[in-house]
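Engineer: Sharing a structure here in structure tokens format.
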Amino acid sequence: MVDFTPRAGRLAPLLAPALGLGLLALLWPGVATYDTVVQYAQAVSGQVDDWHPPILVRLWQGLRALGLDGTGPLLALQFGLFWSGLGLFALGLREAGRPRLAAATALVGLVPPLLGWMFAVLKDGQLIGAAVMATGLVARYRLACRPLPRWVGLIVALLLGYALLLRANAVFGMVPLALGLACWGGLRHPLARLALLAAATLAALAAAGPINHRVLGADRSLVEGTLPLFDMAGIAHRAGLPSLPQLPPAAWRAAEARGCYTPFFWDSFGDARRCGAIGTRLIFDRDEEAPSIFADWLGLVVRHPLAYAAHRLGHLNATLRIAWPADERLATAPARSQPSPARIGTPARAAAAVIAHIATIAARTPLGAPWLWLVAALGLLWMLAATPAQPARSLGLTLAWSAVLQTASFAVVSIASDLRYHLWLITATALAALCAAACRDVPPRRRRAALATLAAAAALSVTLRGV
């Protein structure tokens, strides 16, 4: 009998890029969502603000200057980064003597909630592509126990810098990813690593504003006011307050009567047809003598900590889709583009419709419950903590910690519950699972306990979301 395993092992790293190329051809030029249309309009007009990532607008302007217009070039970029990154990850696994796991790496890109968003041309897809490519470049060398060339390190730094500027809360996942990929600068003590993580996170947060406004030339949109507005509305609703600071009681009573507050997202206060007048009053039209919205927010949090905690827990339940309806909106990307004067994106593609339908079905299963991916990531951390030191363990811990810390940040800074906000949690956890499978001497009891916990959580999810 002929043994095809060696040949299959050699071809395994090509599987992901081949799949990505095929999907790119089927889904070209990608779907333009509302956010996509807004950013394209900024790229055309040159009037850039920081409500959406300025780095993506400037990139789009550069592509247009080269004659690469529309959504297609950006779709090619995020697909190229993502699927090539998976291919490099697979190459590292193959050279580490794990050909079957190398072939299985391509399955990460086919996870329905993930694939269901990757054909939408958005900052989220760009972030996942950049992060996976950075991880794949490091994995290609580290898993094979080879030193990382300096030029590769420079590319990784550029990719992670790009990812950091794509989302305000990306810092909570990308900074630990960057530090882990850089082996924590040689630091080994947990407290030293924690101090480095805190310092690097604060530095990244402090640098984002000057980069967006001075380097990239974006105007201030006051987008930072959406979080305190959402929290203040949640506190007032939970505590039964007569109004919000700087808002007439009659306006708040009317908002409550219309059901403006929901733990699902802040969007009602940004919609002119619903409760946008409140958002305009509190964020954009504040009296010059009035305290800042952050001062009002902090005052409410201090005076009503239980209401604040209830509001944040309610939102965490919504965004992690714990005891939340399985058919809730914003779980999957649209299958056709948002109408726009420029007519960017595709109006309809059969492949996009099929993938969106599969993703919609999957989003109603445990695959579409981010909290289960969090349980899986925590289980991987617990398994790998007791596993002997080896390259796959180190990379798996880095990915799992990145996923957990990014998700933990949603307990404080999240304002909406779109499933796309958890794409890195899904991706990093899946890649960490491959690393764990590649490890030697994983404690069997911990592995069994982690799998049993995940299975029990999946069963609980079915029950909770079916209520």
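Engineer: Could you list, ordered by first residue, the pairs with Cβ atoms under 7 Å in which the first is in the range 26-53 and surrounded by fewer than 18 Cβ atoms within 10 Å (Cβ to Cβ) and the second is assigned to a strand (DSSP E or B), at least 6 apart or interchain?
Structural biologist: From the range 26-53, the pairs are ASP49/ASP219.
Engineer: Does GLY116 fit the bill of being in a helix (DSSP H, G or I) and modelled with pLDDT under 95?
Structural biologist: Answer is yes for this residue.
Engineer: Residue by residue through the range 76-106, note down the ones that are in contact with a Pro (Cβ under 6 Å, 6 or more places away or on another chain) and either under 16 Å from GLY22 (Cα atoms) or surrounded by fewer than 18 Cβ atoms within 10 Å (Cβ to Cβ) (or both).
Structural biologist: Answer for the range 76-106, where residues must be in contact with a Pro (Cβ under 6 Å, 6 or more places away or on another chain) and either under 16 Å from GLY22 (Cα atoms) or surrounded by fewer than 18 Cβ atoms within 10 Å (Cβ to Cβ) (or both): TRP83, SER84, GLY87.
Engineer: Could you tell me whether ALA352 is under 20 Å from LEU425 (Cβ atoms) and assigned by TED's automatic domain parsing to the domain that holds ALA25?
Structural biologist: No; evaluated as a whole, the condition is false for this residue.
Engineer: On the basis of being among the hydrophobic types (A, V, I, L, M, F, W, C) and either crowded, with 21+ Cβ neighbours inside 10 Å or within 28 Å of ALA310 (Cα to Cα) (or both), does ALA352 make the cut?
Structural biologist: Working: among the hydrophobic types (A, V, I, L, M, F, W, C): yes; either crowded, with 21+ Cβ neighbours inside 10 Å or within 28 Å of ALA310 (Cα to Cα) (or both): yes.
In short, yes.
Engineer: Looking at the structure I just gave you, is HIS213 of a type outside the set (Ser, Thr, Tyr) and not assigned by TED's automatic domain parsing to the domain that holds LEU306?
Structural biologist: yes
Engineer: Looking at (1) surrounded by fewer than 22 Cβ atoms within 10 Å (Cβ to Cβ); (2) touching a residue at least 12 places away in the same chain (Cβ under 8 Å); (3) more than 19 Å from the chain's Cα centre (by Cα), which is the only condition ALA408 fails?
Structural biologist: Looking at each condition in turn, ALA408 falls short on (3).
Engineer: Out of the residues in the range 444-467 that are surrounded by 16 or more Cβ atoms within 10 Å (Cβ to Cβ) and more than 30 Å from GLY129 (Cα to Cα), which is nearest to the chain's Cα centre (by Cα)?
Structural biologist: Per the criteria, the residue is ARG465.
Engineer: Still on this structure, I have one more. When you check LEU381 against the structure, is it closer than 22 Å to ALA131 by Cα and surrounded by 23 or more Cβ atoms within 10 Å (Cβ to Cβ), yes or no?
Structural biologist: No, not satisfied.
Engineer: Right, here's the next one. Could you list, in sequence order, all residues of the range 12-25 that are closer than 16 Å to PRO73 by Cα and surrounded by 18 or more Cβ atoms within 10 Å (Cβ to Cβ)?
Structural biologist: Residues satisfying the conditions are GLY20, LEU23, LEU24.
Engineer: Among VAL121, VAL156, VAL132, which is surrounded by 20 or more Cβ atoms within 10 Å (Cβ to Cβ), farther than 22 Å from ARG420 by Cα and within 21 Å of the chain's Cα centre (by Cα)? Give the derivation first.
Structural biologist: Details: VAL121 fails: farther than 22 Å from ARG420 by Cα; VAL132 fails: farther than 22 Å from ARG420 by Cα.
Checking each option against the conditions leaves just VAL156.
The values are calculated or read from the model by the stated rules, or taken from the named source; none is laboratory data. Note that the coordinates shown come from a computational prediction; the quantities given were computed from them, not determined experimentally. Glycine also receives a Cβ, built like all others from the backbone with ideal geometry; neighbour counts cover every protein chain displayed.
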